[in-house]
């Protein structure tokens with residue numbers, strides 16, 4: 001089970017758009033969903049490789065990226081650890097080819113049935129490396145032999161001062177430094193090792209920004 005489930009339920013109750021996209025103090029719906037298109041454009045170099053049947057999004061939140069995936073794929077399964085977030089997303093009246101599912105780590109698809117798995121701004125908020133690797137194993141399980149996964153990670157080194165600050169209790173920290181919204185970087189060498197153990201091959205990778213490292217996976 002995701003250790004962040006209860007906290008993300010709290011974030012969804014308090015201010016879901018901010019905790020999904022904390023680069024602004026407030027959003028209106030039009031701006032929030034428009035931003036999803038620009039995020040998806042980060043991986044446009046990979047889009048020609050993709051089959052456009054069935055996609056799964058990990059950490060879909062309120063669907064700011066999901067709505068744009070729905071225009072590219074026949075079917076999109078959108079997952080999130082927070083039941084409250086899933087409930088709010090369903091109430092938004094987003095495209096009918098999206099299915100919303102609360103998950104504790106297992107992806108809502110049968111073995112070898114998914115063309116594309118996507119995740120942005122999710123893995124960097126997962127504190128347990130074992131949980132990140134668990135998602136890799138799930139990605140490998142659901143992907144078709146010719147499927148792909150595009151996943152974003154934070155791979156920056158964490159300085160000592162930052163590690164020290166994160167020992168402080170949440171009430172003493174700003175909203176963006178609370179547990180499960182703060183960043184938990186993973187070294188790139190560790191991600192490669194986890195991918196290999198999970199049966200995934202790294203086909204390509206690049207940095208859009210220092211904290212946004214994208215990796216394209218396929219079944220090994």
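The values are calculated or read from the model by the stated rules, or taken from the named source; none is laboratory data. Keep in mind that this is a model prediction, so the values were computed, not measured. FYI the Cβ positions are ideal-geometry reconstructions off the backbone, even for glycines, and counts take in every protein chain you see.
Listed values, structure above:
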read-out: Residues located in the stretch 78-115, provided they are within 13 Å of the chain's Cα centre (by Cα) and under 19 Å from residue 140 (Cα atoms); value: 78, 79, 80, 103, 105, 107
read-out: Residue in the stretch 30-37 that is exposed (fewer than 12 other Cβ atoms within 10 Å of the Cβ) and part of a loop (DSSP other than H, G, I, E, B) present; value: no
read-out: Top-ranked residue in the stretch 60-75 [being touching a residue at least 40 places away in the same chain (Cβ under 8 Å) and touching a helix residue (DSSP H, G or I) at 6+ places or on another chain (Cβ under 8 Å); ranked as nearest to residue 132 (Cα to Cα)]; value: 60
read-out: Residue count, the stretch 38-50 (criterion: part of a helix (DSSP H, G or I) and either in contact (Cβ under 8 Å) with a residue 12 or more places away in the chain or closer than 17 Å to residue 153 by Cα (or both)); value: 7
read-out: Number of the exception - residue 5 against (1) modelled with pLDDT of 90 or more; (2) farther than 12 Å from residue 72 by Cβ; value: (1)
read-out: Wholly within the stretch 128-220, helices (runs of 4 or more DSSP H) carrying at least 2 residues that are modelled with pLDDT of 95 or more and within 20 Å of the chain's Cα centre (by Cα); value: 129-142, 188-198
read-out: Whichever residue in the stretch 76-87 is in contact (Cβ under 8 Å) with a residue 24 or more places away in the chain and in contact with a helix residue (DSSP H, G or I) (Cβ under 6 Å, 6 or more places away or on another chain) and, among such residues, is surrounded by the fewest Cβ atoms within 10 Å (Cβ to Cβ); value: 84
read-out: In the stretch 18-28, residue nearest to the chain's Cα centre (by Cα) [restricted to those that are farther than 13 Å from residue 59 by Cα and at pLDDT 85 or above]; value: 18
read-out: All positions within the stretch 82-105 that are in a loop (DSSP other than H, G, I, E, B), farther than 16 Å from residue 17 by Cβ and in contact with a strand residue (DSSP E or B) (Cβ under 9 Å, 6 or more places away or on another chain); value: 95, 97, 103
read-out: Condition check for residue 59: at positive phi and under 17 Å from the mean Cα position of the chain (by Cα); value: yes
read-out: Criterion (under 29 Å from residue 111 (Cβ atoms) and surrounded by 19 or more Cβ atoms within 10 Å (Cβ to Cβ)) met by exactly one of 53, 71, 63; value: 63
read-out: Condition broken by residue 16, with the remaining ones in (1) on the phi < 0 side of the Ramachandran plot; (2) buried (at least 19 other Cβ atoms within 10 Å of the Cβ); (3) touching a strand residue (DSSP E or B) at 6+ places or on another chain (Cβ under 6 Å) satisfied; value: (3)
